[in-house]
Amino acid sequence: MKYRIKFSKYGSIIFIGHLDMMRYFQKAIRRAEIPIAYSTGFSPHQIMSFAAPLGVGLYSNGEYLDIELTQEVSTADMKEALNRTMAEGVEILSVKALPKNAENAMASVAAAGYFIQIRKGHEADLVFGEGFDDFMAQSSIPYEKETKKSRKLLDLKEGIYDYEVKEDGIYLLVNASSSGNIKPGMIMEAYYAYLGRKPSEFDFVVTREETYTKNEDGQFISLDEVGKDI
Amino acid sequence: MRKLALTDEILLKIDKPARYIGGEVNSIMKDRERVDIRFAMCFPDVYEIGMSHLGIQIIYDMLNKFEDVWCERVYSPWMDLDEIMRKEQIPLFALESQDPVKDFDFLGITLQYEMCYTNILQVLDLSGIPFFAKERTWEDAVVIGGGPCVYNPEPVAPFFDLFYIGEGETMYRQLFDLYKTCRKTGKSRKEFLMEAGKLPGIYAPEFYETTYHDDGTIATFYPVIPELPRKIMKEMVRDLSDTYYPEKPVVPFIRVTQDRVVLEIQRGCIRGCRFCQAGQLYRPVRERSLEFLKEYAVKMLKATGHEEISLSSLSSSDFSKLPEFIDYLIEECRKRHVNISLPSLRIDAFSLDVMSKVQDVKKSSLTFAPEAGTQRMRNVINKGLTEEVILNGAKLAFEGGWNKVKLYFMLGLPTETDEDARGIALLANEIAKLYYETVPKEKRNGKVQITASTSFFIPKPFTPFQWAPMCTREQFLDKAHTVKTAVLEQLNKKSIKYNWHEADASVLEGILARGDRKIADVIYMAYKKGCIYDAWGEYYKHDVWMECFEACGLSMDFYTTRERSLDEIFPWDFIDCGVTKEFLKREWQRALREEVTPNCKMACQGCGAARFGTGICYEERS
Ligand code: SF4
């Protein structure tokens, strides 16, 4: 039996990185006494997989992990049991049972929605969002991605599926698949460069609002829409 | 939601921000307005080390069970944050409330090893609490020290208002009640400290004075106020099955050194190895009941979700109910998919059987701690392990499929000769030889891998070796060289790996361990010159320490290489740890005569600890 758990990260827990979040959930699942399946061997591990790693310092309202259980459990009970043992700053938002043929969380990620705000104390002498429409109206948005080994020229525009300039920040819907993942920071860098500026490392507060997969019709649906309550 | 003491920017800049945010599962939040006493419990080293310490977890849990007390945790900020806090003048804060330590009623600092002494000063400095107790006012937290190093508190005495000597479970309630009364009735800080100094186990150092002989040794040590005790008896838990123990230890977000449930099965040790301080300090041995252990094992696993449990004690093989308890644990842990990590057990048929059930034999290694290479030397240190026992254990293990062996030794023991040092290599070679004799070629899983490690022996207070001279740095290194050369002469040298420790830090540890109050100036000066995190090899500045000794006009040899006379008054003699000086003297003389002393289970040696009226001293001997 496969289940998908959706959770949020807010408050001080945003400083806990991806690997530690995995360890955190392993322990939380034991505390909640959820009948999770284990691998065999001398140090058995839980059958668990996360959708998309979230960087340190990012908030989220749409994180996902899949787990496999050895017996059926009511989704509402599991949600309650987990929420009882969460640390401050993590909340279980939904638990869904997945259909047998469901793709695992990581493989099914197609896109993610982000909301980007200016960090307090980092307000520049510009209205955040100013000129963003023009920036997006360009025929392409070149971005040079540097890794330790190589440099790669990307066109960010292909990976930005939607956006909205709001009063208090910018919403972006971007490619988050393993092949074309775009980080919101890359877009902000390109946007600032377009304005002739250079952002500093801590200028933005980023919240991942949701993680999406694609349904058969090619539409984005949130990852937990694949499952159902039981 | 809690407001953090550090800004997001700082937290994103530094390494492992999780060290500073608190909020871990099972950490205790209380309403600051509804408690009378705020206690900051500090382990003066980095979070991952401090969080792994069982004693602190016990005290944290106990103090928070007191309704009028809120105990929070404090650790040394790592170097990166230390620098930022100094530059931006951010006061040191406690993890739970994130409030400045300075505003607390108490700052408790546990002293687990001597090399953390400069970190005490770091904690005081960053907290904004004056370094020296005599400069503090009611505006400052009362600074109280605890842990094994307070059995010789003198080198750090000027930095502390009080020391709690002995096991932490017993005296805090009385101390807090006294504190509350003194505050309510408008007593001065000094009056409070003096009253506290009358409580059992509590030492108020500013009311004690030392005079010295011309040669630097102590002439007299006495309380300047006659009502204070001349001798302070350690505090001790009488019944370990009826006392505080955490049911819900804090679960760190990041991986710490002890990332598991730790269950203390007994306290103390029957063995009486003559180099071992813990073996004397925690006398007599007291076991916890099987019911207690079973109950807590399950409760702690449930409350933490840890995937591993480990048993803690100085010598688990001596725990009388071990087979029964391990059976229970194996069963419980199998159900829960929890690993069992075994403390170093004596290698015999029983322990090998247990190990093969809970570990992957191919990956795990056998650990022996003969501590010395020859039988003569082992007799001197009263380590009962004979070569025959080691070889029998190793043979059984090799037959069971093990092929990795770790051997632990000490170098620089009293009366040690080159032959004793070379004995380490010979013993390692014997074990390797035994492997090739025992395991036929076709069954071998590669070579046998023997790792012999030596640490340098440091004489500690309250051991029979407290009178012994310590080696110089050069002598230590010569000895390591002797072992290394001897290993290379062995037939099986390719199967033996030899590791040894740095010698510089051992010298300082030796000084701090048996130091007197004069050393405090050196510690202060070293801190001022940038020494901190001395326990971390990469930060240890030997040269700076040497300069400071010189500048303070103190000879290092006086504290290390000098042989103490039997009637010398030691800085720690005013503490009564249960074991008498007479007993230790007797043991020192027996050591020099290479005589072994039976352990407490075989025959009582009248060490003095029977005064506590509990434990092994009152058990039937078979
Ligand atoms: S009094 Fe005897 S039995 Fe008790 S700890 Fe001392 S030597 Fe052991």
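Read-outs: derived from the displayed coordinates by stated rules, not from any lab. Note that the structure is predicted; figures quoted are calculated from it, not measured. Note that each Cβ is placed from the backbone with ideal geometry, even for glycine, and that neighbours are counted across all protein chains shown.
The table below gives the values:
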{"quantity": "Where B:Arg86 falls short, out of the listed (1) over 24 Å from the mean Cα position of the chain (by Cα); (2) over 20 Å from B:Lys529 (Cβ atoms); (3) in contact (Cβ under 8 Å) with a residue 24 or more places away in the chain", "calculated": "(2)"}
{"quantity": "Checking A:Lys79 against (1) closer than 23 Å to B:Leu12 by Cα; (2) more than 10 Å from every other protein chain (Cβ to nearest Cβ), the condition it does not meet", "calculated": "(1)"}
{"quantity": "Selection from the range B:386-405 of residues that are within 16 Å of B:Asp360 (Cα to Cα) and not hydrophobic (A, V, I, L, M, F, W, C)", "calculated": "B:Glu399, B:Gly400, B:Gly401, B:Asn403, B:Lys404"}
{"quantity": "Residue ID - farthest from the ligand (Cβ to nearest atom), chosen from residues in the range B:591-618 that are part of a loop (DSSP other than H, G, I, E, B) and without any contact (Cβ under 8 Å) to a residue 12 or more places away in the chain", "calculated": "B:Arg593"}
{"quantity": "Count of residues meeting criterion [in contact (Cβ under 8 Å) with a residue 12 or more places away in the chain and more than 14 Å from chain B (Cβ to nearest Cβ)] in the range A:206-224", "calculated": "11"}
{"quantity": "Among the residues listed as B:Gln112, B:Gln57, B:Gln89, the single one being at positive phi and more than 13 Å from every other protein chain (Cβ to nearest Cβ)", "calculated": "B:Gln89"}
{"quantity": "Scan of the range B:1-15 for residues that are part of a loop (DSSP other than H, G, I, E, B), within 9 Å of chain A (Cβ to nearest Cβ) and buried (at least 18 other Cβ atoms within 10 Å of the Cβ), ordered by number", "calculated": "B:Leu4"}
{"quantity": "Subset of the range B:310-345 (residues that are touching a helix residue (DSSP H, G or I) at 6+ places or on another chain (Cβ under 7 Å) and assigned to a loop (DSSP other than H, G, I, E, B))", "calculated": "B:Leu314, B:Lys321, B:Val338, B:Leu342, B:Pro343, B:Leu345"}
{"quantity": "Single match in A:Asp203, A:Asp162, A:Asp168 (criterion: over 23 Å from A:Val90 (Cα atoms) and within 14 Å of another protein chain (Cβ to nearest Cβ))", "calculated": "A:Asp203"}
{"quantity": "Flag for B:Ile109 being in a strand (DSSP E or B) and more than 27 Å from B:Asp8 (Cα to Cα)", "calculated": "yes"}
{"quantity": "Residue that is farthest from the ligand (Cβ to nearest atom), among those in the range B:226-273 that are hydroxyl-bearing (Ser, Thr, Tyr) and touching a residue at least 60 places away in the same chain (Cβ under 8 Å)", "calculated": "B:Thr257"}
{"quantity": "The range B:26-54 - residue that is surrounded by fewer than 22 Cβ atoms within 10 Å (Cβ to Cβ) and within 14 Å of chain A (Cβ to nearest Cβ) and, of those, farthest from the chain's Cα centre (by Cα)", "calculated": "B:Met29"}
{"quantity": "In the range B:561-585, residue nearest to the ligand (Cβ to nearest atom) [restricted to those that are within 19 Å of B:Met470 (Cα to Cα) and touching a strand residue (DSSP E or B) at 6+ places or on another chain (Cβ under 8 Å)]", "calculated": "B:Phe570"}
{"quantity": "Wholly within the range B:498-579, helices (runs of 4 or more DSSP H) carrying at least 1 residues that are among the β-branched types (Val, Ile, Thr)", "calculated": "B:504-513, B:519-528, B:542-551"}
{"quantity": "Residue satisfying all of: in the range B:16-25; under 15 Å from B:Asp82 (Cβ atoms) and part of a helix (DSSP H, G or I); farthest from the other protein chains (Cβ to nearest Cβ) among these", "calculated": "B:Arg19"}
{"quantity": "Hey, A:Thr85 within 11 Å of chain B (Cβ to nearest Cβ) and not aliphatic (A, V, I, L, M) or not", "calculated": "yes"}
{"quantity": "Within the range A:117-230, strands (runs of 3 or more DSSP E) holding 3 or more residues that are surrounded by 12 or more Cβ atoms within 10 Å (Cβ to Cβ)", "calculated": "A:142-146, A:160-166, A:169-175, A:204-214, A:220-222"}
{"quantity": "Hey, B:Trp588 free of Cβ contacts under 8 Å to residues at least 60 places away in the same chain, away from the ligand (no atom under 15 Å from the Cβ) and either surrounded by 15 or more Cβ atoms within 10 Å (Cβ to Cβ) or more than 14 Å from chain A (Cβ to nearest Cβ) (or both) or not", "calculated": "no"}
{"quantity": "Residue match in the range B:225-242 (condition: of a type outside the set (Asp, Glu) and in contact with a Leu (Cβ under 8 Å, 6 or more places away or on another chain))", "calculated": "yes"}
